[in-house]
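The structure under discussion appears below in the form of structure tokens.
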């Protein structure tokens, strides 16, 4: 025994398992819309995990589930912005000077996915989401609109997420001040129960839904006006492009559950034509 070993046990040098054994091909439906991927990813946490789970495993595990909800929300923005770049000429022109990480290019090879542009970005703050929407989609969040309001609520969750991810659930002073928490002489810990987790999930879902609606409205407006002014516009592809737009934003789950109007693509096209006098 030496004095150096008198404070803690040391097991020696340990190797990480082969990374290939820790990953597997994703079973995500690549043809599903971005919002339906979000719904599918959060379904287990929000609808399948019972209240008794939290009684058994405690709030620390709930904190990890909470981080998972934020991660699913971030992934929605990567997916939908990738779709916007792949679909919208105006967004592509606006984002032409943005940088892409070399690693994304090397990994994707000849099959570069547009979402690769966002691999180096974190969408765990309202500011980052606003910047990405502006820089890559040429979309400004309307002040006072639904998306603006939900981004402010989402920012509160992101302050709590920082505590779970970076400081063992303990809230740092900067985050406590931003959240306007009551001052405490003792450290404050993020403590989530079943109801709290459901509430955070509702915020994430409302944010995604408002972003999905906002971007759909913007891109339909560009289809009806901006795209037609481009020299690349092909009138024979008008209907196909509209249907592509709709399918990229349409939630099949909401449609099947009758949570949105049961309107056919053809009927919707007629309504848009009327709204824009086409």
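The values are calculated or read from the model by the stated rules, or taken from the named source; none is laboratory data. As the structure is a prediction and not an experimental result, all values here were calculated from the model. Backbone-built Cβ (ideal geometry, glycine too); neighbour counts: all protein chains shown.
Would a scan of segment 111-133 turn up a residue that is exposed (fewer than 14 other Cβ atoms within 10 Å of the Cβ) and more than 22 Å from the chain's Cα centre (by Cα)?
The answer is yes, given that some residue of segment 111-133 is exposed (fewer than 14 other Cβ atoms within 10 Å of the Cβ) and more than 22 Å from the chain's Cα centre (by Cα).
Please pick out the residue among 225, 198, 186 that is within 30 Å of residue 52 (Cα to Cα) and out of contact with any helix residue (DSSP H, G or I) (no Cβ under 8 Å at 6 or more places or on another chain).
On the way: 225 fails: within 30 Å of residue 52 (Cα to Cα); 198 fails: out of contact with any helix residue (DSSP H, G or I) (no Cβ under 8 Å at 6 or more places or on another chain).
From the options 225, 198, 186, the qualifying one is 186.
Hey, can you tell me all the residues within segment 72-96 that are in contact with a helix residue (DSSP H, G or I) (Cβ under 9 Å, 6 or more places away or on another chain) and farther than 18 Å from residue 212 by Cβ?
Across segment 72-96, the qualifying residues are 89, 90, 92, 94, 95.
So which residues in segment 164-175 are surrounded by 14 or more Cβ atoms within 10 Å (Cβ to Cβ), out of contact with any strand residue (DSSP E or B) (no Cβ under 6 Å at 6 or more places or on another chain) and farther than 15 Å from residue 153 by Cα?
Those that are surrounded by 14 or more Cβ atoms within 10 Å (Cβ to Cβ), out of contact with any strand residue (DSSP E or B) (no Cβ under 6 Å at 6 or more places or on another chain) and farther than 15 Å from residue 153 by Cα: 164, 165, 167, 171, 172.
Among the numbered criteria (1) over 20 Å from residue 119 (Cα atoms); (2) part of a helix (DSSP H, G or I), which single criterion is violated by residue 31?
(2)
Take the residues in segment 176-203 that are touching a strand residue (DSSP E or B) at 6+ places or on another chain (Cβ under 9 Å) and in a loop (DSSP other than H, G, I, E, B); name whichever of them is farthest from residue 60 (Cα to Cα).
Per the criteria, the residue is 187.
Which condition number in (1) over 30 Å from residue 74 (Cα atoms); (2) surrounded by 16 or more Cβ atoms within 10 Å (Cβ to Cβ) is the one that residue 207 fails?
All conditions are met except number (1).
Name the residues in segment 207-220 that are in contact with a helix residue (DSSP H, G or I) (Cβ under 9 Å, 6 or more places away or on another chain) and either without any contact (Cβ under 8 Å) to a residue 60 or more places away in the chain or not in a helix (DSSP H, G or I) (or both), would you? Show your work before the answer.
Residues of segment 207-220 in contact with a helix residue (DSSP H, G or I) (Cβ under 9 Å, 6 or more places away or on another chain): 207-216, 218-220.
Selection gives 216, 220.
May I ask you to say which residue of 40, 91, 86, 96 is modelled with pLDDT of 90 or more, over 23 Å from residue 203 (Cβ atoms) and under 18 Å from the mean Cα position of the chain (by Cα)? I'd like the intermediate steps shown before the answer.
Values: 40 fails: over 23 Å from residue 203 (Cβ atoms); 91 fails: under 18 Å from the mean Cα position of the chain (by Cα); 96 fails: under 18 Å from the mean Cα position of the chain (by Cα).
Checking each option against the conditions leaves just 86.
Within segment 90-111, identify whether any single residue is in contact (Cβ under 8 Å) with a residue 24 or more places away in the chain, on the phi < 0 side of the Ramachandran plot and part of a loop (DSSP other than H, G, I, E, B), and answer yes or no.
Yes, segment 90-111 contains at least one residue that is in contact (Cβ under 8 Å) with a residue 24 or more places away in the chain, on the phi < 0 side of the Ramachandran plot and part of a loop (DSSP other than H, G, I, E, B).
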